[in-house]
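Trainee: Before anything else, here's the structure in question.
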Amino acid sequence: MKTIGVIGLGNMGRGMALSLQRGGFEVVGTDASATTRATLAAEGVPVVDSIKDVVAKSDAIVLSLPTAAIVAQVVAGADGLLSHPKAGVLVIETSTSHPDTTRQLAAQLASVGMSLIDAPVSGGPKGALAGTMTMVIGGSDEDVARAEPVLMAMSAKRVHVGGVGAGHVAKIANNLLCAAHLAIAGEVTRLAEKAGVPTERLLSGVNAGSGRSFVTEFNFPTWVSSGKFDSGFTMKLMRKDVRLSQELIGALDIDLPLSRKVADLWAVSAETIADDEDFNRIVELGAARTKA
Ligand code: NAD
């Protein structure tokens, strides 16, 4: 693995491209946005205008794209990866996407001698830039071993959870938990404030007890109580992830009532919290109705 293509150079893909360069790989990137391509070129990342050119130069290709539909378009759509088959190329799918889409695309790629692993990520744009993300990985042992040097340049923790698609199942479960934890943490801080306990004091207590979560230990001090709301992960993307969880639950035909409530709440949030707001803003949902 010498040259790594990166398709999707947004908040996450940009950091991954720069981390891969720092890790000693040749990198070639592309993005649908000419402005983003120009930004990355100015930062020293070689960019090309087409997927065809990425495939021609790459031994492995990292995808960092917004939705499953866009991933499908980039792999199997007109002028996508499958239109330019190159045997032996390994696709590393880091977007948060639907496991069924992932498995279908992996099968299509396999038919032309290419392979795919899913390695969705946590850690935000800062983690992508520092090469310290966490990845939950789905793929064959052989492909995951082949990808290891590339994954190491982008991540500090990697957990291989199963075959192709398993990484996306684990990522959807992780983000559903995070979405639920954030919503309930927002509610309990308002409850405590109203009952006379300031948020900071409340969180000191909770974080010493069994109700703590990554949200109470990390998201609150870093992005909520600080007032910064600058995680780099948007409401739009988290709403997508919560919707993905509902699609997966629906496809499996199981009844998960609390998950449904969480999904309803995130869907309703679109009426008051804009798509490009930080995802931590969900803690404010309903706050306007809480009387001082
Ligand atoms: P982003 O919107 O900042 O970046 C996505 C990039 O893909 C954009 O630059 C866009 O122009 C490009 N793109 C869209 N369609 C394209 C196409 N057809 N061909 C080439 N490029 C195309 O999103 P992001 O925050 O970087 O997230 C990327 C993925 O990583 C998403 O699936 C997201 O859910 C996931 N993720 C994000 C974070 C985070 O903190 N931002 C954390 C973990 C996972």
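The values are calculated or read from the model by the stated rules, or taken from the named source; none is laboratory data. Quick caveat, the model's predicted, so the values are computed rather than measured. When we count neighbours, we look across all protein chains shown, and the Cβ atoms used for this are built from the backbone with ideal geometry, even at glycine. Accessible surface is based on the protein model in full, side chains and every heavy atom, while ligands, DNA and RNA are left aside. Shrake-Rupley method; radii C 1.70, N 1.55, O 1.52, S 1.80 Å.
Trainee: Could you please state how large a percent of the accessible area of the chain is carbon and sulfur, counting protein chains only and using a 1.4 Å probe? All intermediate terms of the calculation are to be shown ahead of the outcome.
Mentor: Numbers: 7690 of 13690 Å².
That share works out to 56 percent.
Trainee: Between rounded, prolate and oblate, where does the chain land on the alpha carbon gyration tensor, with a ≥ b ≥ c its root eigenvalues, rounded for a/c under 1.5, else prolate if a/b exceeds b/c? Intermediate values should be presented prior to the final figure.
Mentor: Numbers: a/c = 2.09, a/b = 1.77, b/c = 1.18.
Prolate, because a/c is 1.5 or more and a/b exceeds b/c.
Trainee: When DSSP beta bridges are limited to those with both residues in the range 3-162, what percentage is antiparallel, rounded to the nearest 5? Walk me through the intermediate numbers first.
Mentor: Numbers: 3 of 27 bridges.
The antiparallel fraction comes to roughly 10 percent.
Trainee: Further question on the same structure: With the dipole of the range 119-170 worked out from charges on the C-beta (+1 for Lys and Arg, -1 for Asp and Glu) around the Cα centre, which of HIS168, GLY131, VAL144 lies farthest toward the positive end?
Mentor: Towards the positive end, the residue furthest out is GLY131.
Trainee: Going toward the positive end of the dipole of the range 169-291, with +1 on Lys and Arg Cβ and -1 on Asp and Glu Cβ, which of VAL197, ALA180, SER210 do you reach last?
Mentor: Positive-end residue among those listed: VAL197.
Trainee: Hey, what number do you get for the chain at 222 nm if only DSSP H runs of n ≥ 4 count, each worth -39500 (n - 2.57), divided across all residues, to the nearest 500?
Mentor: Numbers: 11 runs with 137 residues, N = 292.
That comes out to -14500 deg cm²/dmol.
Trainee: Any idea how far the Cα center of the range 200-255 sits from the one of the range 155-171, in Å?
Mentor: Computed from Cα coordinates, the inter-centre distance equals 20 Å.
Trainee: To continue, here is another question. To the nearest 10 Å², what's GLU284's accessible area with a 1.4 Å probe?
Mentor: 80
Trainee: Also, quick follow-up: How high is the relative contact order of the range 169-291, in percent, with contacts defined as C-alpha pairs under 8 Å that are six or more residues apart? Let's see the in-between values first.
Mentor: Values: 111 pairs, mean separation 44.8, N = 123.
36 percent.
Trainee: Hey, what's the range 169-291 come to in accessible area per residue, 1.4 Å probe, Å²? Write down the numbers at each step before the final one.
Mentor: Numbers: 7000 Å² over 123 residues.
That works out to 57 Å² per residue.
Trainee: List the aspartates and glutamates whose Cα lies under 14 Å from the Cα of LYS57, skipping any in the same chain that are fewer than 8 positions away.
Mentor: The reachable aspartates and glutamates, counting only those whose Cα sits under 14 Å from LYS57, are GLU26, ASP49.
Trainee: Keeping all protein chains in place and using 1.4 angstrom, which order do PHE233, PHE279 fall into by accessible surface area, from largest down?
Mentor: Values: PHE233 50, PHE279 15 Å².
The ranking, largest first, comes out as PHE233, PHE279.
Trainee: Only helices at least 24 Å long along their axis, Cα-based, and averaging -1.0 or more on Kyte-Doolittle count here, so list those DSSP H runs from the chain. All intermediate terms of the calculation are to be shown ahead of the outcome.
Mentor: Details: long enough: 166-194 (42 Å, 0.53); 235-252 (26 Å, 0.06).
Those that pass (Cα extent of 24 Å or more, hydropathy at least -1.0) are 166-194, 235-252.
Trainee: Can you say what percent of the DSSP beta bridges in the chain, counting only those with both residues inside, are antiparallel? Round to 5.
Mentor: Values: 4 of 28 bridges.
The answer is about 15 percent antiparallel.
Trainee: Looking at this model, which pairs from LYS52/LYS236; LYS126/LYS228; LYS171/LYS261 are more than 21 angstrom apart at the alpha-carbon? Could you put the intermediate results ahead of the total?
Mentor: Details: LYS52/LYS236 29 Å; LYS126/LYS228 15 Å; LYS171/LYS261 19 Å.
With Cα atoms farther than 21 Å apart: LYS52/LYS236.
Trainee: While we're looking at this one, here's another question. Charges at C-beta only: +1 for Lys and Arg, -1 for Asp and Glu. How large is the resulting dipole of the chain about its Cα centre, in Debye rounded to 20?
Mentor: Numbers: 27 positive and 30 negative charges, 112 e Å.
Result for the chain is approximately 540 debye, rounded to the nearest 20.
Trainee: I need the shape label for the range 3-162. Rule: rounded when a/c is under 1.5, else prolate if a/b > b/c, else oblate, with a, b, c from the alpha carbon gyration tensor.
Mentor: Numbers: a/c = 1.44, a/b = 1.07, b/c = 1.34.
Note, shape of the range 3-162 comes out rounded.
Trainee: Next question, about the same structure. Taking the Cα centre of the range 148-292 as origin, sum charge times position over the Cβ atoms of Lys and Arg (+1) and Asp and Glu (-1), and report the length of that vector in debye to the nearest 20. Please list the in-between numbers first.
Mentor: Working: 17 positive and 17 negative charges, 57 e Å.
Approximately 280 debye in magnitude.
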